[in-house]
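Input: a single structure, listed below in structure tokens.
The values are calculated or read from the model by the stated rules, or taken from the named source; none is laboratory data. Quick caveat, the model's predicted, so the values are computed rather than measured. Note: ideal-geometry Cβ built from the backbone for every residue, glycine included; neighbour counts use all protein chains shown. Protein only, heavy atoms only, side chains kept; ligands, DNA and RNA dropped before computing areas. Shrake-Rupley method; radii C 1.70, N 1.55, O 1.52, S 1.80 Å.
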Amino acid sequence: SVIDTVERGINTIVGSAFGMPLAETPCVNCGQCIVACPVGALREKDDTDKVWEAISDPTKHVVVQTAPAVRIALGEEFGMPIGSRVTGKMVSALRLMGFDGVFDTDTAADFTIMEEGTELLQRLEKGGKLPLITSCSPGWVKFCEHNFPDFLENLSSAKSPHEMFGAIMKSYYANKQGIDPANIYVVSVMPCTAKKFEAGREELASTGYPDVDAVITTRELGRMIKQAGIEFTKLEDSQFDAPFGEASGAAVIFGATGGVMEAALRTVADILTGEDLQAIDYTAVRGLEGIKEATVEVAGKKVRVAVASGLGNARKLLDSIRSGEKEYEFIEIMGCPGGCITGGGQPIVDAKTQIDTNVKAARSAAIYEIGRAHV
């Protein structure tokens, strides 16, 4: 009910309740209104000028990180089929644009997996607040703050991967490279408009500086590549810069609904068995249904889990827990339907194409294909 029809009769317009600024409403900045708008009247706040300015500033060391869902959608901005895997071309384009370091948010997703996996174990073994709920989706987190404040203690204490990565850039990386953190400018390329709001949150500045300085969407990156005159489809493949370009297959699948849950369960299994288990797939939490439930066995322990994507489904799930109807130990919630693959910052697919192509299925299949190719 943040955006709706207001006024009456011929004066009816689409707007926010009582004409309030969006910042004063329960808007969660998910950007799904941009994707849904039938006349293309809505768009994200454009941060491309900020990024170009930073790149052209010789005093700034500008690094960029890309989320897993970007690499399976960016090609659509250049006429490539939905689900095209363009990781190598994307890295080449970012280098040509002038970034000093081109890194993979998947690396930070692995850190998040370790944090959330061990946090789940601690809560299970020491009687902590359950169910543990993932905290990677900033649209979901803001929705929880507005609508389910009684569940805030259930949220994982882990930052989202790109924020965690920004903190590492301005601490560990700055120290290793001998660069003043004040001169490091971190750009996140995300499938998500809510990450723009998240980057501005005061609490996300653990080094004394904002973890992330600018967030651009997949669509904005596409525009920047075109502005730079780069012929994207003709680029050769390149690799991310070491050491922040290496990640597990578990990190890659963060982009699809159920991916964070599966990745964390893999970590828990490794910890409990004390072995580096190979080819662990928790397929019970895969799929594009709005709400998925399962009881999974992790190294002999039975864990009741649920996965929800889309905030309407999140509301249904949490209401069922509030009422006592359902009980779980671990929950993953993504703000956007299908997860980050259909985030509010992803390329917009016209209605005619959507009739013939299942966009969520094509992008999800591409994410899992990349995941299988990783260690």
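Under the definition of Cα pairs under 8 Å and six or more residues apart, what whole-number percent is the relative contact order of the chain?
Taking the mean separation of contacting Cα pairs over the length of the chain, I get 23 percent.
Considering only DSSP beta bridges whose two residues both sit in the stretch 1-137, what percent are antiparallel, to the nearest 5?
Rounded to the nearest five, the antiparallel share is 50 percent.
How much net charge surrounds G88 when only other residues with a Cβ under 10 Å from its Cβ are counted (Lys, Arg +1; Asp, Glu -1)?
+1
Excluding E293 itself, what net charge comes from residues whose Cβ is under 10 Å from its Cβ, given Lys and Arg +1 and Asp and Glu -1?
Its environment carries a net charge of +2.
Choose one answer from V14, V63, V186: the residue with the largest mean-square fluctuation in a GNM of the chain with alpha-carbon springs under 10 Å.
V14
How would the stretch 30-73 be classified by its alpha-carbon gyration tensor: rounded, prolate or oblate, with rounded meaning a/c under 1.5 and the a/b versus b/c comparison settling the rest? Intermediate values should be presented prior to the final figure.
Working: a/c = 4.11, a/b = 1.81, b/c = 2.27.
Oblate, since a/c reaches 1.5 and b/c is not below a/b.
Count the net charge of all other residues whose Cβ sits under 14 Å from the Cβ of A17, scoring Lys and Arg as +1 and Asp and Glu as -1.
On the way: positive: none; negative: D4, E7, E24.
Taking every Cβ under 14 Å from that of A17, the sum is -3.
On the accessible surface of the chain, probed at 1.4 Å, how many percent belong to carbon and sulfur atoms?
Details: 8520 of 16710 Å².
Ligands and nucleic acids excluded, carbon and sulfur give 51 percent.
At 1.4 Å probe size, with every protein chain present, just tell me what the per residue accessible area of the stretch 34-84 comes to in Å². Walk me through the numbers on the way to the answer.
Values: 2380 Å² over 51 residues.
Heavy-atom SASA per residue in the stretch 34-84 reads 47 Å².
Mind checking the per residue accessible area of the stretch 107-173 for me, 1.4 Å probe, whole number of Å²?
Here the per-residue accessible area is 35 Å².
Which shape class, rounded, prolate or oblate, goes with the stretch 301-340 when its Cα gyration tensor gives a ≥ b ≥ c as root eigenvalues, a/c under 1.5 marks rounded, and past that a/b bigger than b/c marks prolate?
Here the stretch 301-340 falls in the oblate category.
Counting other Cβ atoms within 10 Å of each Cβ, which trypsin sites (Lys or Arg not before Pro) in the stretch 1-58 have at most 10 and sit in a DSSP loop?
In loop regions of the stretch 1-58 (DSSP not H, G, I, E or B), the sparsely surrounded trypsin sites (Lys or Arg not before Pro) are R8.
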